[in-house]
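The values are calculated or read from the model by the stated rules, or taken from the named source; none is laboratory data. The shown structure was predicted, so the numbers you read here are calculated from the model rather than taken from an experiment. Don't worry about glycine lacking a Cβ; one is built from the backbone with ideal geometry, like all the others, and counts go over all protein chains shown.
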Amino acid sequence: MKESVASAARGFVTRPWTVEVGGLVNKPKIFDIDELLKLAPPEERVYRHRCVEGWSMVIPWVGFPLAAVLKQVEPLSTAQYVAFQTLLDPKRMPNQKTSVLEWPYVEGLRLDEALHPLTILATGMYGQTMPPQDGAPIRLVVPWKYGFKGIKSIVKIALVADQPPTTWNIESPNEYGFYSNVNPNVDHPRWSQKIEHRIGEFRSRQTLLFNGYAEQVGNLYTGMDLRVNF
Ligand SMILES: Nc1nc2c(c(=O)[nH]1)N[C@H]1C(S)=C(S)[C@@H](COP(=O)(O)O)O[C@H]1N2
Ligand SMILES: [Mo]
């Protein structure tokens, strides 16, 4: 029987934990999680969260800009993208014993997206330490992208030259693109993205371009065809 993620994650041990940050950088480094947490003061960030399958929530994350970590390792000028990888440990992450997806979960951002001040590494939510099922001890949050871009339980971050593979794009490339920006004008092949259901509300809402963060992030995509780069 398939367990819920929360029950499978109960008792998930997050110490010791390291995050290796390397690739095309001057100063590659393996950070102990507690050292990583001291790089920048924790901030509460209240963000809209939009699932690719049409539901949404508003979530008070606790975290710090991903840029704070990237600056520590000094990316080289050849670095254009950032690749993220989750812990691979089927004993501690039992769904990794199944083949629903290729494991470990991997994700990626363009370097300018990764350096954007809205992009955070979250270590908590609702004023508390991150619960295991939500990505303890550290996960990515990119509020203008669909929720699945938020890779959880990160152990590796690599600066790379080329667009890195991403788990849902490997699984179903015509449905889930690398960018996966929230966009009411670019439908999923199997459903519309024009509206969403905010959990707890009765009436549905119009989905906003870049999840309502167009003013902050729209310039990242100037001149790009967002239907091609979905
Ligand atoms: N490490 C890891 N991160 C992951 C996933 C995963 O399987 N493993 N699934 C993704 C998908 S498909 C979704 S929908 C969200 C779910 O996160 P939530 O429970 O915080 O909404 O996590 C994303 N991050
Ligand atoms: Mo998902």
### Query
Is there a residue in segment 151-159 that is modelled with pLDDT of 95 or more, over 15 Å from Pro104 (Cβ atoms) and more than 16 Å from ligand 2 (Cβ to nearest atom)?
yes
### Task
Name the single residue, out of those in segment 42-68 being touching a helix residue (DSSP H, G or I) at 6+ places or on another chain (Cβ under 6 Å) and away from ligand 2 (no atom under 16 Å from the Cβ), that is farthest from His188 (Cα to Cα).
Ala67
## Note on the structure
Within segment 128-167, residues under 18 Å from Ala40 (Cβ atoms) and more than 10 Å from ligand 1 (Cβ to nearest atom) come out as Thr129, Pro137, Ile138, Val142, Pro143, Ile157
### Task
Scan segment 53-77 and report the pairs whose first residue is part of a helix (DSSP H, G or I) and whose second residue is within 16 Å of ligand 2 (Cβ to nearest atom) and of a type outside the set (Phe, Trp, Tyr), with Cβ atoms within less than 8 Å and a gap of 6+ or a chain change.
Leu66/Leu140
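Collect the residues in segment 39-52 that are over 15 Å from Gly147 (Cα atoms) and assigned to a strand (DSSP E or B), keeping them in residue-number order.
Glu43, Glu44, Arg45, listed by residue number.
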### Task
For segment 187-199, enumerate the residues that are without any contact (Cβ under 8 Å) to a residue 24 or more places away in the chain and touching a strand residue (DSSP E or B) at 6+ places or on another chain (Cβ under 8 Å).
Lys194
